[in-house]
Amino acid sequence: MNTLRIFSMIKNKSSLPVKLAICFGGLLVSVLIGICAGTVWISPTELLSDLLAEGLSQNERIVLYIRLPRILATVLAGSALAVSGALIQAVLGNPLAAPNIIGVNAGAGLFTVLCIAVFPTAVKFLPAAAFAGALFAVLLVYGIAKKTGASRMTIVLAGVGVSSLLNAVIDTVTTLYPDSLSGISSFKVGGVAGITLDSLFPAWILIGVGILAALCFGHDLDVLSLGENTARSLGMNVSVMRFLFLAIAAMLAGAAVSFSGLVGFVGLVVPHISRKIVKSAENTAVLPICVLIGGAFLTLCDTVARTLFAPFELPLGIVVSYIGVPFFIWLLLRKRGGKHGD
Amino acid sequence: MIELKHIRGGYGKHTVVFDVSATFSSGEITSLVGANGCGKSTLLMMCAGLLSLRSGEVLLNGKDISKIPRNSLAKQLSYLGQSQSTSNITVESLVSHGRFPYLGYPRTYSDQDREKIHNAMVLAGVADLSHKLLNELSGGQQQRARIAMMLAQDTEVVLLDEPLTFLDIRHQLELMALILHLKTIGKTVITVMHDLNLALTYSDKVAVMEKGRIIAFDRPDAIVHGDALTSSLGIRAFYSREANQYFFMPVKQNEQLSFDDITF
């Protein structure tokens, strides 16, 4: 083994931990900005001195009861939606697939809305209902694709159709139950205003388990991405693994939707950004980057949403589109050095 | 050894392979040849257990492959399909996936796995490209990387569907030399080939297919003396043999195809 090869191997192996560390730093910075910024600016030194002093100050109350739950919610939802998007894109072999585009979010949203309308007191069951809805939608799209032997583009088109149908059913339910679903407009556009730590339970457990499972099976996802015949000839039970990954994706998207509403775009854009950062489509590397970038991205978007026109607040979903779309287009146009991660 | 016993199969309602029986002996190279759409690739997929049979059975060393667990089968039989779209990963990662059947949880590679991966890359001539992304490579280099992945799988039976696709003539010859090497170390190779000169020169047996059936299955010299090959391809041809190498030359068709009725 020559020196050049050893150097190349070290360089290659060290690059991912460095990238992970940078992305983790980015997540910490976004969390810190989220804690400090708001209608009232609380500087880190001010907060630190309040923490060291006795009693609960006004600033501490704001951070503890308002900003921290929101930040925790955006970190969880951003990470969950990003990983869900990466899983769906890899399993369906389609870079355009994402939870909001192929109807997974809409399925989760529909079951959430139905749960609120029919069982208004069963708040704790919302994540389970959202998971069931997301799973229903993703299996419906996958079933259509499987039945018709559909191409990659047809899968997306089928997903768009399913998504439209499910959104229409959501609108029907909200029309029939207007009183119990008064906050539905903010749910549909997505947002975490007024969220409490209690309302994140048990969704955070589902998200934690889902992300851990996705990271553990990253290698299998890479093999699955080689194509059905190759994966099968390498000994993989493709049907079981596909179902497993789609179930994990549905669980993540469902859990996120149950408390953050139908936040779109994160599941599409963050996996692509992560692949650009990793400069490859290896899921073992892309998934952990997705966790960090997804959390940081949604946290920053929420901070902008609540500070840009303070004391008025923009819906989170709108800010996600305003920030995410231009950045995404810039990344696509930049296309430095070929087709990395396409 | 692979035995096909009256196998029949296809896609949906469309039957492609009809009642095929054949025995592919251990340590031999067999080429499947024939016109486009005659069922070569379908037959190969059925041999690999990737396509369900409508009837009959495929036996690997006497065992029905449909009864062999998929992971166990992947340690005995590898399959390289026609050029597929490949996700944009490094050559080393792709080749490493060849060791997938041997990995437990967590998916970590042993020293033996790493050695096999390195040797496979050297054999396929992609060791210098190990850290390149597949999208940065030519079609031929990508094909060699896929072949390296299959070599890393290290199986007794190797199934190749048009492995020469995208390769230039030098790399075609290198690949055929590699296939000969696989034979010398005891592996059974079944390959779909379109290049008849290489198929006849390098194979121990040639199976000629026509309309979903094997119409001739014999040694290359017997195949060239029969009319199955020309009948299957619908052509006339000359052949010669020099220095253990076959030269198969199709004859220009006398009847002119008429394009007069076609307007563009």
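The residues listed here are A:212, A:200, A:234, A:246; of these, the one that is away from chain B (no Cβ under 12 Å) and free of Cβ contacts under 8 Å to residues at least 60 places away in the same chain is A:212.
Can you tell me which residue within segment A:39-55, out of those that are out of contact with any Cys (no Cβ under 8 Å at 6 or more places or on another chain) and open to solvent by less than 80 Å² (accessible area, probe 1.4 Å), is nearest to residue A:307 (Cα to Cα)?
So, considering only residues that are out of contact with any Cys (no Cβ under 8 Å at 6 or more places or on another chain) and open to solvent by less than 80 Å² (accessible area, probe 1.4 Å), the one nearest to residue A:307 (Cα to Cα) is A:40.
Does any residue of segment A:218-239 turn out to be acidic (Asp, Glu), touching a strand residue (DSSP E or B) at 6+ places or on another chain (Cβ under 8 Å), open to solvent by 20 Å² or more (accessible area, probe 1.4 Å) and more than 20 Å from residue A:78 (Cα to Cα)? No, because not a single residue in segment A:218-239 is acidic (Asp, Glu), touching a strand residue (DSSP E or B) at 6+ places or on another chain (Cβ under 8 Å), open to solvent by 20 Å² or more (accessible area, probe 1.4 Å) and more than 20 Å from residue A:78 (Cα to Cα).
Condition first: more than 15 Å from the chain's Cα centre (by Cα), crowded, with 17+ Cβ neighbours inside 10 Å and charged (D, E, K, R). Now tell me which residues in segment B:4-53 satisfy that. Those that are more than 15 Å from the chain's Cα centre (by Cα), crowded, with 17+ Cβ neighbours inside 10 Å and charged (D, E, K, R): none in segment B:4-53.
Assess whether residue B:56 counts as being more than 11 Å from chain A (Cβ to nearest Cβ), open to solvent by 20 Å² or more (accessible area, probe 1.4 Å) and modelled with pLDDT of 90 or more. Before the answer, list the steps.
Details: more than 11 Å from chain A (Cβ to nearest Cβ): yes; open to solvent by 20 Å² or more (accessible area, probe 1.4 Å): yes; modelled with pLDDT of 90 or more: yes.
So residue B:56 fits the description; yes.
No other residue among A:341, A:324, A:254, A:267 is at pLDDT below 85, within 19 Å of residue A:80 (Cα to Cα), touching a helix residue (DSSP H, G or I) at 6+ places or on another chain (Cβ under 6 Å) and of a type outside the set (A, V, I, L, M) apart from A:324. Taking the criterion of being of a type in the set (Gly, Ala, Ser) and over 20 Å from residue B:234 (Cβ atoms), the residues of segment B:168-223 that qualify are B:177, B:186, B:203, B:222. For residue A:95, the conditions (1) within 14 Å of another protein chain (Cβ to nearest Cβ); (2) modelled with pLDDT under 90; (3) assigned to a helix (DSSP H, G or I) are fulfilled apart from (3). Considering segment B:209-245, the residues that are under 23 Å from residue B:7 (Cα atoms) and among the charged types (D, E, K, R) include one that is least open to solvent (accessible area, probe 1.4 Å), namely B:210. Filtering segment B:59-101 to residues that are in a helix (DSSP H, G or I), touching a Phe, Trp or Tyr at 6+ places or on another chain (Cβ under 8 Å) and more than 7 Å from every other protein chain (Cβ to nearest Cβ) leaves B:96, B:99.
Which helices (runs of 4 or more DSSP H) sit wholly inside segment B:137-205 and have at least 2 residues that are of a type in the set (A, V, I, L, M), out of contact with any Lys or Arg (no Cβ under 6 Å at 6 or more places or on another chain) and closer than 18 Å to residue A:227 by Cβ? Break it down stepwise before answering.
Details: elements: B:139-153, B:169-184, B:196-202.
Counting at least 2 such residues, we get B:139-153.
The values are calculated or read from the model by the stated rules, or taken from the named source; none is laboratory data. Everything numeric in this text was worked out from a predicted model, so none of it was measured. In this analysis, Cβ positions are derived from the backbone assuming ideal geometry, glycine residues included, and neighbour counts consider all displayed protein chains. These accessible areas exclude ligands, DNA and RNA; they are computed on the full protein's heavy atoms, side chains included. Shrake-Rupley method; radii C 1.70, N 1.55, O 1.52, S 1.80 Å.
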